[in-house]
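Novice: Before I ask anything, let me first share the structure, which is written out below as structure tokens.
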Amino acid sequence: MKKNFFTNNLVLVLILLILSIISGFLGAILTRTYIIDDLYFNPFSSELNLSGYNYNPANLVIRDPKKVVVSQDVKIAETANNAKKHIIHLFYKEDAINLETEVFGTSTPVFSSADLYSLANSRSSALSLTSDGWVLAKTQGLDLSRDLVAVDLEKNIYEVDQSLTFVDEPLALLHLYQASLSPVSFSDSQDLISGQSLLLLGKDRQMLTYLLGKERDSNFVKSSDNLFSPLILSTSDLESGSDYWLFDFQGEAIAFFNQAKWLPLDKYSFFWRNALSSGEDEVSAPVLGVNYINLSKVAITDFKQSSGALIYPNQKGVAVQAESAADLAGLQAGDIIRAVGSLELNADNDLAEVLSNYLAGETLDLTILRDNALMIITVNLNK
């Protein structure tokens with residue numbers, strides 16, 4: 001009898017102990033799931049759920065956000081280090097400091113008569129363009145008539161022995177004597193999307209920035225020869241004379257900073273392509289010579305055409321510039337340019353931006369709508 005009583009009590013104790021352990025586990029799970037995670041937001045130890053913050057796609061969950069942040073930091077550093085290999089610092093030859101006479105004194109000839117260039121005090125900068133020594137240099141505040149030297153990331157010093165300038169533009173081609181460079185790649189600015197992360201690099205700082213959009217020409221009537229749509233970035237505290245370049249996370253060059261504007265580099269491709277192929281000392285942009293309305297951006301009552309470039313007078317009453325490529329080809333006010341070559345003009349392809357892909361002096365076919373009839377007109381872009 002006593003043995004049965006003892007056995008029954010032991011079984012009861014074991015059952016209560018097991019139930020206590022199970023309830024403890026359940027309590028911990030319920031507390032974490034329904035109480036702690038609701039009261040405390042700890043993105044560095046669990047999941048970051050963005051589905052309730054109007055993010056798309058729906059039910060977006062970032063697992064291990066701390067790892068994501070660290071990975072982004074590593075990617076930024078990696079991109080910056082690779083991009084800096086393509087940046088060349090420019091000096092006037094006389095900017096050099098003589099270590100023997102100016103630093104240590106003539107009685108301590110530790111470095112003989114070596115010259116030193118401080119990268120923090122460079123006059124301007126450039127991007128490596130070709131493997132045989134051509135660089136694309138920013139000319140703002142730079143006197144190209146003076147003797148120039150260039151210094152790369154590895155502190156190699158080169159003399160500049162040739163320069164090709166672009167008419168009325170803040171860029172020039174410089175050739176570095178006996179230099180072997182790693183050419184930079186350029187990103188297509190048309191592929192950029194708003195909100196995209198980008199890397200800003202200068203001689204004194206590097207930072208993450210974001211693309212907000214492109215600066216659009218606010219004029220109702222535009223010029224076919226205004227080829228550039230500056231980029232608008234989230235970073236807006238830079239001085240107008242600052243020396244900066246913009247890269248994407250693939251290490252491709254996107255834009256350069258000039259007069260408080262970010263100008264896309266791919267739109268200048270005709271300059272260096274033309275300069276390197278022709279060898280001319282001065283290179284000009286292609287000129288069509290019309291003013292126009294982008295029909296994909298406007299709505300006109302009782303007007304059936306919704307795309308193309310309508311040739312139209314500007315505020316000065318000029319639709320086609322006299323003696324321009326358009327004038328010589330016979331274009332006139334009221335013509336609608338529907339396509340340049342095989343590329344149709346629409347909301348994604350503005351006339352001025354499409355023309356930026358051509359060289360001065362190139363011949364191209366324009367598809368024109370005149371009096372409800374389509375025709376092809378061949379024009380030669382003036383220099």
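The values are calculated or read from the model by the stated rules, or taken from the named source; none is laboratory data. As the structure is a computational prediction, the values presented were derived from the model and not from experiment. With ideal geometry, Cβ positions are generated from the backbone for all residues, glycine too; neighbour counts draw on all protein chains shown.
Novice: Exactly one of (1) within 18 Å of residue 365 (Cα to Cα); (2) modelled with pLDDT under 95 is unmet by residue 317. Its number?
Specialist: With respect to (1) within 18 Å of residue 365 (Cα to Cα); (2) modelled with pLDDT under 95, residue 317 is out only on (1).
Novice: So which of 241, 251 is touching a residue at least 40 places away in the same chain (Cβ under 8 Å) and at positive phi?
Specialist: Working: 241 fails: at positive phi.
Within the list 241, 251, the selection yields 251.
Novice: Now for a separate question. Based on this model, can you work out whether residue 251 counts as more than 28 Å from residue 292 (Cα to Cα), more than 17 Å from the chain's Cα centre (by Cα) and not charged (D, E, K, R)? Talk me through it step by step, then tell me what you get.
Specialist: Working: more than 28 Å from residue 292 (Cα to Cα): yes; more than 17 Å from the chain's Cα centre (by Cα): no; not charged (D, E, K, R): yes.
For residue 251, the condition - more than 28 Å from residue 292 (Cα to Cα), more than 17 Å from the chain's Cα centre (by Cα) and not charged (D, E, K, R) - is not met.
Novice: Which condition number in (1) in contact with a Ser or Thr (Cβ under 8 Å, 6 or more places away or on another chain); (2) touching a residue at least 60 places away in the same chain (Cβ under 8 Å); (3) crowded, with 20+ Cβ neighbours inside 10 Å is the one that residue 203 fails?
Specialist: Of everything listed in (1) in contact with a Ser or Thr (Cβ under 8 Å, 6 or more places away or on another chain); (2) touching a residue at least 60 places away in the same chain (Cβ under 8 Å); (3) crowded, with 20+ Cβ neighbours inside 10 Å, residue 203 misses just condition (3).
Novice: If you don't mind, another one. Here is a list: 256, 270. Which entry is among the aromatic types (Phe, Trp, Tyr) and in the same structural domain as residue 235 (by TED's automatic domain parsing)?
Specialist: 256
Novice: What do you reckon, is residue 267 in contact with a Ser or Thr (Cβ under 9 Å, 6 or more places away or on another chain), closer than 24 Å to residue 286 by Cβ, of a type in the set (D, E, K, R) and at pLDDT below 90?
Specialist: It is true that residue 267 is in contact with a Ser or Thr (Cβ under 9 Å, 6 or more places away or on another chain), closer than 24 Å to residue 286 by Cβ, of a type in the set (D, E, K, R) and at pLDDT below 90.
Novice: Applying the selection to the range 286-329, what residues are more than 19 Å from residue 226 (Cβ to Cβ) and surrounded by 12 or more Cβ atoms within 10 Å (Cβ to Cβ)?
Specialist: Within the range 286-329, 305, 306, 307, 328, 329 qualify.
Novice: So which residues in the range 335-368 are at pLDDT 95 or above, of a type outside the set (Ser, Thr, Tyr) and over 28 Å from the mean Cα position of the chain (by Cα), if there are any at all?
Specialist: 335, 336, 337, 338, 365, 366, 368
Novice: If the requirement is being among the hydrophobic types (A, V, I, L, M, F, W, C), more than 24 Å from residue 167 (Cβ to Cβ) and modelled with pLDDT of 90 or more, which of these qualifies: 303, 256, 247?
Specialist: On inspection, the qualifying residue turns out to be 247.
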